[in-house]
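Everything below concerns the one structure shown next.
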Amino acid sequence: MKITDDITLADWELTEQFTRASGPGGQNVNKVSTAVELRFEAERSGNLPAAVKWRLKKLAGRRWTLDGAIVIFVQETRSQARNRQIARDRLAELIRKAAKKPKRRVRTKPPYGSVMKRLKVKKVRGEVKKLRGKIDD
């Protein structure tokens, strides 16, 4: 499965398991296993660079298992083939997001005028609070 120009997933890294889906569908729900659980062995994958694996782990969140796999569960449609495609598309999109290197933030100083304005407002607020105190006789 080709994700980007440099990332391609091998077949052994993906495992699919089909179960019965919940929700509407009449007798079809009780008979046919349409829900798909796609499992991708991300930690053991040799096709993903270490930086991408790290970002992927953060993006996956609770879909990341303790043994380093990503589990995607789809039961949106009544068609097994369509659910399977949706699961694969979600995995590909997740990996594409992780493959993008985030831009580094350039730290900047606040403008002098903003600092002065903040200090002036702070001073005025302090004066207002000071006037609320007890009056001496």
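Where a number appears in this text, it was derived from the coordinates with a stated rule and is not lab data. Because the structure is predicted, anything quoted here is derived from the model rather than measured. No Cβ is skipped: glycine too gets one built from the backbone with ideal geometry, and neighbour counts run over all protein chains shown.
Descriptive notes on the structure:
- Residue 63 vs. criteria of a type in the set (Lys, Arg) and touching a Leu at 6+ places or on another chain (Cβ under 9 Å): yes
- Only helices (runs of 4 or more DSSP H) whose full extent lies in segment 25-137 are considered here, and the ones with at least 2 residues that are of a type in the set (A, V, I, L, M, F, W, C), surrounded by 10 or more Cβ atoms within 10 Å (Cβ to Cβ) and over 33 Å from the mean Cα position of the chain (by Cα) are 112-131.
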